[in-house]
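What follows is one structure encoded as structure tokens, with my remarks underneath.
The values are calculated or read from the model by the stated rules, or taken from the named source; none is laboratory data. Only a predicted model underlies this, so the values are computations on that prediction, with no experimental measurement involved. Cβ placement follows ideal geometry from the backbone for every residue including glycine, while neighbour counts extend to all protein chains displayed.
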Amino acid sequence: MKKVITVVGARPQFIKLAALSKALRPHFKEIIIHTGQHYDYEMSKSFFDELEIPDVDYNLEVGSGPAGYQIGTMLIKLEEIFIKEKPDCVIVFGDTNSTSAAAIAAVKNKIKLGHVEAGLREFNKYIPEESNKLITDILSDFYFCPTPTAIDILKSMGITEGVYNIGDVMIDIILLNWEKILNNNNPFITNGIKKKDYVLLTCHRANNTDLKENLEQILSSLSEIKETIIFPIHPRTLKAIETYNFKHYIDKPNIIVTKPLGYIDTQTLIHYAKFVLTDSGGVTKEAYFHEVPGILLDLQTEWVETINEGWNQQAGPSKENIIAAYHNITIPNYISKCLGDGKASEKIVEILINNL
């Protein structure tokens with residue numbers, strides 16, 4: 001069997017790996033490397049357990065730190081493994097430091113590189129995720145694009161070889177767990193809420209947690225949203241709230257703060273929410289798939305189709321814009337299902353079989 005190394009390091013990548021690994025293993029020998037970029041147990045190992053992802057073969061345990069430290073440390077450790085394992089292909093996901101580090105290490109060792117979620121852009125190279133996208137897409141051999149827009153963006157960069165519109169692998173794993181998601185009552189019992197009687201909030205991007213004024217704009221807007229708000233709090237966000245003494249903004253009767261949630265509970269809460277408030281690209285598209293409207297707390301998004309079709313409103317970290325979007329929440333009459341048919345992983349495997 002040909003050998004494929006998959007490299008992950010953060011929550012959204014674990015979800016994508018869960019779908020792809022199931023499809024890969026009947027045809028390839030898969031080696032999983034976890035960089036340890038997400039070092040919090042509840043945001044890492046619990047996802048592997050819940051989604052039945054195979055045990056990792058290597059855990060680099062890089063942990064947090066400046067981008068240069070993370071990428072440099074990953075590069076050194078990944079190269080050692082690539083030389084030892086001699087894979088036929090390396091697969092990376094999304095746009096984290098783990099993604100760009102593995103891309104560089106693969107190409108420097110003359111190994112074929114596949115990028116899941118290729119072609120997405122936010123058109124601001126100073127956004128950490130954007131620079132990781134650019135690095136990876138310049139170096140890839142297989143471009144596994146989630147939307148037609150991604151295909152067009154790559155074409156505008158002069159990249160037309162090895163480009164495939166396979167849909168979004170995150171939709172694969174939702175469909176694989178569909179009955180569990182629909183029939184899960186755990187988050188409602190635990191938090192004392194009813195279906196379609198709450199709003200889900202997620203906020204974790206560095207631009208919103210590291211900049212005090214942005215985080216204050218977001219949190220201060222919550223007092224104007226007359227809904228029960230479920231807020232699973234990211235460790236980075238909790239640290240920022242404590243650092244800036246912003247706890248009073250979330251210490252409200254209508255705001256339920258929880259620890260980070262598992263995958264099934266998160267999907268259930270998205271599915272049955274009135275709407276979501278989020279700066280997460282993953283939640284943005286998951287809400288779209290569940291046909292739940294959203295307010296985006298970031299100034300850029302790769303998922304432009306969700307805005308063009310009216311499912312998401314882009315407010316950014318602005319109290320005024322967030323409140324305006326709240327008063328303008330509607331459920332559109334049209335959805336193109338642009339994220340694919342839930343068979344993205346199967347399509348990736350077929351492409352690899354034909355090309356490796």
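Quick check on the range 322-339. Is at least one of its residues buried (at least 17 other Cβ atoms within 10 Å of the Cβ) and in a loop (DSSP other than H, G, I, E, B)? Scanning the range 322-339 turns up at least one residue that is buried (at least 17 other Cβ atoms within 10 Å of the Cβ) and in a loop (DSSP other than H, G, I, E, B).
Within the range 122-133, residues that are at pLDDT 90 or above have Cβ atoms under 7 Å from residues that are among the small types (Gly, Ala, Ser) and surrounded by 19 or more Cβ atoms within 10 Å (Cβ to Cβ) in these pairs: 132/100, counting only partners at least 6 apart in sequence or on another chain.
For the range 282-307, a residue qualifies if it is surrounded by 24 or more Cβ atoms within 10 Å (Cβ to Cβ) and either among the charged types (D, E, K, R) or not assigned by TED's automatic domain parsing to the domain that holds residue 264 (or both), and the qualifying residues are 285, 286, 302. For the range 229-249, the set of residues classified as touching an Asp or Glu at 6+ places or on another chain (Cβ under 9 Å) and either surrounded by fewer than 12 Cβ atoms within 10 Å (Cβ to Cβ) or under 16 Å from residue 322 (Cα atoms) (or both) consists of 249 only. Residues of the range 137-156 being aliphatic (A, V, I, L, M) and touching a Lys or Arg at 6+ places or on another chain (Cβ under 9 Å), which ones? Of everything in the range 137-156, those that are aliphatic (A, V, I, L, M) and touching a Lys or Arg at 6+ places or on another chain (Cβ under 9 Å) turn out to be 150, 153. Only one entry in 284, 268, 237 is under 17 Å from residue 191 (Cα atoms) and assigned to a helix (DSSP H, G or I), namely 268.
For the range 250-262, the tally of residues that are within 26 Å of the chain's Cα centre (by Cα) and either of a type outside the set (Gly, Ala, Ser) or on the phi > 0 side of the Ramachandran plot (or both) stands at 8. If you filter the range 121-137 down to residues that are outside any helix (DSSP H, G or I) and among the basic types (Lys, Arg), you find that the one that is surrounded by the most Cβ atoms within 10 Å (Cβ to Cβ) is 121.
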